[in-house]
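This report refers to the structure that appears directly beneath it.
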Amino acid sequence: MADCLGDDEHGVAVPPPTMAWHVTSSVNRQSILEDGLDWRRMGAAGGVASGVIYRGPEMEAVFLLEAADQADFFIGFGTHPRFDVWQVDVAGLVIEPGPDGWVIHRQPIPPQRLRLVRQDVSMSPATCDQDADVQVDAQVTLRDSLSQKKTEF
């Protein structure tokens, strides 16, 4: 089927996912609202994907999460005082497997595809309970939908 990514373990066609999530320092919020997710615009705030603050991008790509509840993993690194979580419309985008089992998109993502779903989150014991307002379709995640190779949706 042209509009499906592949089959699940039972041979049932799996439709491509339409949403992903991205975690970043809250310092980046205004830039993201204006210019979207673009690693070329990263400055002193650095990334959070590796748990180390870099003075630029870790790679030429946007790191994405398969489910909203994965955001707390990155927030737990505590590499920034406050974090924002963005919901990303990935319908029609090329999503690839990235380093360490995460997924990436190798082009900037415009602000029209983004929605701020959590803001100014700090690393605290209460952090894990803050995703109640984000609906997650647990049946289809990006990883479930991706094969071993690059996939275009």
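Taken together, the values in this text are just the output of simple stated rules run on the coordinates, not laboratory data. It should be emphasised that the depicted structure is a prediction, and the values quoted were computed from it without experimental measurement. Cβ atoms come from the backbone with ideal geometry, glycine included; neighbour counts cover every protein chain shown.
Summarising the label geometry, the points placed 7 Å from Cα in the beta-carbon direction at Arg82 and Glu96 lie 3.5 nm from one another. Spin-label pair Gln107-Glu34: with each label point 7 Å from Cα along the Cα-Cβ axis, the two points sit 2.4 nm from one another.
Ranking of Trp21, Trp102 by neighbouring Cβ atoms within 10 Å, starting from the fewest: Trp102, Trp21. Ordered by the count of other Cβ atoms within 10 Å of each Cβ, fewest first, Glu96, Glu34 give Glu34, Glu96. Counted by neighbouring Cβ atoms within 10 Å, the residues Thr18, Thr24 run from fewest to most as Thr18, Thr24.
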